[in-house]
Amino acid sequence: MSEENSDKEQKKKTEEQKKLEKEKRSREIEEILSEANTKTGEQLVLDELGSVKSQDELKEFALGSIPDDPEEKYNVYYKGIEKLLKKFLPEGEKYKSAREVIREEKKIFLTRGKKLNEKGIRGADSRMAYIEDMEEIMNLITNWAFESRNYFELYSLLRDKNEELGYHND
């Protein structure tokens, strides 16, 4: 009987340790992104008259008029999603880890839950994602760029979306 109680206590301790580690990792990510967020943000693109471009104009700036064509997915990825991330995420070696955690959540979303395995292989290419998924992440990023530009908020939006879709059920 005491052995059974000991096993239950050990299992409970292990679960508590996992929960604490997850909370610690979340706090670390929040700290990294909060630090990156202290960098003074850029303003949205202004036209010649000095007026702020709308979300649709920002999306059009990034994507142009690329159709839903599998051959064009590479261009959508780099000239759309990546162009916006490159423009609005913090630059420099100091903020590399902040960019990496955001990009990892983006890749998990675009590959519909595929994560890097222990060998560093994902088994899917986010540049070849479904166009609907690319459009959804473009909307998420453009809304974020237009409304907030808080790096932790972008990470949270991506992470929450991935959790909602069951991509983080490990």
Report summary line: Checked the range 94-128 for anything of a type in the set (Lys, Arg) and on the phi > 0 side of the Ramachandran plot; matches are 112
Requested in this report: Mind listing just one residue for me: the one in the range 123-156 that is of a type in the set (Ser, Thr, Tyr) and part of a loop (DSSP other than H, G, I, E, B) and, of those, nearest to the chain's Cα centre (by Cα)?
Outcome: 148
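Rule-based calculations on the coordinates, nothing more; no lab input. Since the structure is predicted, the reported quantities are computational estimates derived from the model, not experimental observations.
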